[in-house]
1. Using 0.36 nm times the number of residues separating Asp257 and Arg121, minus their current alpha carbon distance, what extension gain do you get?
2. What are the ³J(HN,Hα) couplings of the stretch 233-239, residue after residue, when phi is run through the Karplus curve with 6.51, -1.76, 1.60 and θ = phi - 60°? Round to Hz, x for glycine and proline.
3. If the chain between Asp97 and Tyr274 were fully stretched, how many nm would it gain, using 0.36 nm times the residue separation less the Cα-Cα distance?
4. Quick one: accessible area per residue over the stretch 133-177, 1.4 Å probe, rounded to a whole number of Å²?
5. Can you tell me the FRET efficiency between Arg6 and Arg284 if r is taken as the Cβ-Cβ distance and R0 is 41 Å, rounded to the nearest 0.05?
6. Just the number, please: Stokes-Einstein D of the stretch 214-288 in µm²/s, Kirkwood Rh from C-alpha pairs, 20 °C, 1.002 mPa s.
7. Run the dipole for the chain about the Cα centre, Lys and Arg Cβ at +1, Asp and Glu Cβ at -1, nothing else charged, and hand back the magnitude in debye, nearest 20.
8. Mind checking which of Val193, His143, Phe172 is farthest towards the positive end of the stretch 132-269's charge dipole, using Cβ charges of +1 (Lys, Arg) and -1 (Asp, Glu) about the Cα centre?
Amino acid sequence: MAHAPRTPVVIDCDPGVDDAVALLLAFASPELEVRGVTTVAGNVSLADVDRNAARVLDLTGLPEDFPLVSGVAGPIARQRRMRDEPVHGPGGLGGVDLPDSPRRHREAHAVDWLADEALARPGELTLIAVGPLSNVAMLLRRHPAAGAALREIVIMGGAAFVQGNVTPAAEFNFYADPEAARCVLESGLPIRVVGLDVTRAALFPLEAAEELTALSGTAGIAGQLLSAYTRRVTAASGATGSPVHDALAVAAVTHPDIIGWESGWATVECSGEYTRGALVADLRTPDRDRPTQIGRTVDADRFVRLLSERLAGYADA
């Protein structure tokens, strides 16, 4: 029986624990053809993000020449980026000590490399953006034809109808670079938004993380990452598990029906005294010129099973 064609994707990330888990999920997903990984400053500095991404790619067993491309070091409209996200722990990987990687980033800048990838396969490439949208906004500004060549952009970011996690109004990725987020959401390109509305409703239990920790190889390391992350989240919030935000964005591409979507008009507030970085979504009046799909519901049990099973597949790796 013929296999369904794999979806070509690039993952733009800022590892970060949940970014690391998202990468592991993507490379364990037969539905995807991961063409490369680009990095952007966010959870930690660009230098730490680059270092962490290389270490995570080592865990997958990918060859050293797999495309890993460094990108934007801070917000596109301000001089300073916001402080590191403390929930990710020392170095951004929850304090889990991974060996230094021999990998070297491509000499190209992530924005230009993304443009080449999109133009090489017009209408085919999905961009999964799970960090601040600085790289993506610069892509659309510098290379509009390449942006238009993307199949879609799947974004982890925003809090449409729930409170944010940086301010009452704003989620971290959008707050870190609101001007970039606004540029992307107002681009008119096909966009799906996986925000806190759904990621907070799909908590990964500590018990599931500890089961992974008991396994060998990369599966056990994934369990260590998730266990440390979950303990930090639950201690800070009292939740029963951790939202693995970025992994849900990957699952939204491999299994789109794991999320219930609604279409509407969306943008990001950039000037409000108390609402800077807020995702503003109006589901009453879908805008045909800005076809944004916003995640509203999620099959949490299915997501936890999917993530657990695919990470467990790395045992002995």
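1. Numbers: separation 136, 0.36 × 136 = 48.96 nm, distance 2.52 nm.
Between Asp257 and Arg121, full extension yields an extra 46.4 nm.
2. Those phi angles translate into 5, 5, 5, 7, 10, x, 5 Hz.
3. Numbers: separation 177, 0.36 × 177 = 63.72 nm, distance 3.77 nm.
Fully extending the segment from Asp97 to Tyr274 adds 60.0 nm.
4. On the way: 1490 Å² over 45 residues.
I get 33 Å² per residue for the stretch 133-177.
5. Numbers: r = 37 Å, r/R0 = 0.90.
Using R0 = 41 Å, I get an efficiency of 0.65.
6. On the way: Rh = 15.9 Å.
Value of D from the Cα-based Kirkwood radius: 135 µm²/s.
7. Values: 28 positive and 41 negative charges, 101 e Å.
Roughly 480 debye for the chain.
8. Result: His143.
The values are calculated or read from the model by the stated rules, or taken from the named source; none is laboratory data. Worth saying up front: this structure is predicted, and the values here are computed from it rather than measured. Using ideal geometry, Cβ is built from the backbone for each residue, glycine included, and neighbour counts are taken over all protein chains shown. Heavy atoms of the whole protein, side chains included, go into the accessibility calculation; ligands, DNA and RNA do not. Shrake-Rupley method; radii C 1.70, N 1.55, O 1.52, S 1.80 Å.
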